[in-house]
Structures are given as C-alpha cells and as structure tokens.
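Enquirer: Sharing a structure here in structure tokens format.
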Amino acid sequence: MKDAFRSSEDRSVLADERAAIMGDRSLRELISLADDEGNSVSVNVVGRSPGWSAGLDAEIVVETPFVSGRIYLALDVARLESWADALDRLDAGEDVGWMEMSRGPSIFVQLTGERDCPEVVVEDESGSMVTVRVPLVPPDDWIADHRRRLRQVMDHWVPLLSA
C-alpha cells in the first residue's frame, strides 16, 4: 500500500536500485558468518528505506539445520559506525553486543560461547521475544572480511542517504 503513494518515477528508481544490489552481493551483505555445519547468521541490506530518508531497510537472517528465520532491521549511519566499533572490540578479544540498547533486534558475538566455540546470539526482545543462539566457527580472517564488507556497504549506501 505504501507504493500506491509513490510516483511511478520513485517506484522505478527503487526497483532499479534493488535489482542492482541483488546482482552485487558485496553491496548488500554487511554480515555473513557461516560454518561447515550449515549454521549461519547474516545481515543483508535490502535498500533505502522508503519511509526514512536517512535509513536503510535490512534483515537479519539465521539459518541452521534446526531453525531458520529472518527479521526486519532498520540501519542508519550511526548503527553502521557502531558495527565498526564492535569489530574493533572483537579484534581486541572482547565479546560484543551490537544494537543492544535500541529498539528492535540485537546481535551479540561471543568469542567463546556456551559450547567452547564462538556464538552469535540474535535477540528480539522488543518484538517476538525470541532469542536464537548459533554456535559457529568463522574463518581466521573473518574480522578483516567484515571490515571490508562494512566499508563497501558504507561507500555505496551512505552517500545515498540524507541526514
């Protein structure tokens, strides 16, 4: 119904933008943590938010052999910058919580989780009240890879947002 109020030009620009990023995963995969056991947690940018000129629509996607799901997530420059801070803390050997004090879902990365391996915890206390704990062992260079992902997402998306 929201699209009914947009001009055909606005709908065309959004459709072109979404088609472009769907073809280039580097512009949409902010987080991609996976292991050989079929466990993964990712954060994917879907596009600019139609209702918030300073925001991006994104989703957290959890896939395991046991459970899978996705939840909507709004991103802005401050949240992207806080992910950069979280990566710095992870690189220093600290566990992190990303977006933990905001409305909406939170992501926690524990370098040594309950099963003596890294875990990603996705928590949606304010919405569904569901928490999913995903043990996984990322590759050795995962922090550098995620800094590169963040840089690509910010280089592409931030100039398109208005403050």
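Enquirer: Can you name every residue in the range 106-122 that is at pLDDT below 95 and either within 20 Å of Ala74 (Cβ to Cβ) or of a type in the set (Val, Ile, Thr) (or both)?
Expert: Result: Thr112, single match.
Enquirer: Another question, if that's okay. Given the condition without any contact (Cβ under 8 Å) to a residue 24 or more places away in the chain, assigned to a helix (DSSP H, G or I) and open to solvent by 50 Å² or more (accessible area, probe 1.4 Å), answer yes or no: does some residue in the range 135-143 qualify?
Expert: So far as the range 135-143 goes, no, none of its residues is without any contact (Cβ under 8 Å) to a residue 24 or more places away in the chain, assigned to a helix (DSSP H, G or I) and open to solvent by 50 Å² or more (accessible area, probe 1.4 Å).
Enquirer: May I ask you to list the residues in the range 65-88 that are more than 19 Å from Ser32 (Cβ to Cβ), of a type outside the set (A, V, I, L, M) and surrounded by 14 or more Cβ atoms within 10 Å (Cβ to Cβ)?
Expert: Selection gives Asp76 alone.
Enquirer: Condition (residue is among the acidic types (Asp, Glu), open to solvent by less than 60 Å² (accessible area, probe 1.4 Å) and either assigned to a loop (DSSP other than H, G, I, E, B) or out of contact with any His (no Cβ under 9 Å at 6 or more places or on another chain) (or both)) applied to the range 107-117: is it met by at least one residue?
Expert: There is no residue in the range 107-117 that is among the acidic types (Asp, Glu), open to solvent by less than 60 Å² (accessible area, probe 1.4 Å) and either assigned to a loop (DSSP other than H, G, I, E, B) or out of contact with any His (no Cβ under 9 Å at 6 or more places or on another chain) (or both).
Enquirer: Here's another thing I want to ask about it. Out of Ser106, Ser126, I need the residue that is under 20 Å from Ser82 (Cβ atoms), hydroxyl-bearing (Ser, Thr, Tyr) and either touching a strand residue (DSSP E or B) at 6+ places or on another chain (Cβ under 8 Å) or without any contact (Cβ under 8 Å) to a residue 12 or more places away in the chain (or both). Which one?
Expert: One residue alone meets the criteria, Ser106.
Enquirer: Within the range 144-163, restricting attention to residues that are open to solvent by less than 70 Å² (accessible area, probe 1.4 Å) and not in a helix (DSSP H, G or I), which residue is modelled with the highest pLDDT?
Expert: Ranking the candidates gives Leu161 first.
Enquirer: Can you work out which of the residues in the range 47-64 that are open to solvent by 20 Å² or more (accessible area, probe 1.4 Å) and within 22 Å of Val121 (Cα to Cα) is farthest from the chain's Cα centre (by Cα)?
Expert: Among residues in the range 47-64 that are open to solvent by 20 Å² or more (accessible area, probe 1.4 Å) and within 22 Å of Val121 (Cα to Cα), the one farthest from the chain's Cα centre (by Cα) is Thr64.
Enquirer: Something else about it: Taking interchain pairs and intrachain pairs at least six residues apart, which have beta carbon atoms under 8 angstrom, with the first residue in the range 50-62 and farther than 15 Å from Ser106 by Cα and the second assigned to a loop (DSSP other than H, G, I, E, B) and basic (Lys, Arg)?
Expert: Pro50/Arg6
The values are calculated or read from the model by the stated rules, or taken from the named source; none is laboratory data. Fair warning: this is a prediction, and the values are worked out from it, not measured in the lab. Ideal geometry is used to build each Cβ from the backbone, glycine not excepted, and the neighbour counts take in all protein chains shown. To get the accessible areas, we keep the full protein, side chains included, count just its heavy atoms, and leave off ligands, DNA and RNA. Shrake-Rupley method; radii C 1.70, N 1.55, O 1.52, S 1.80 Å.
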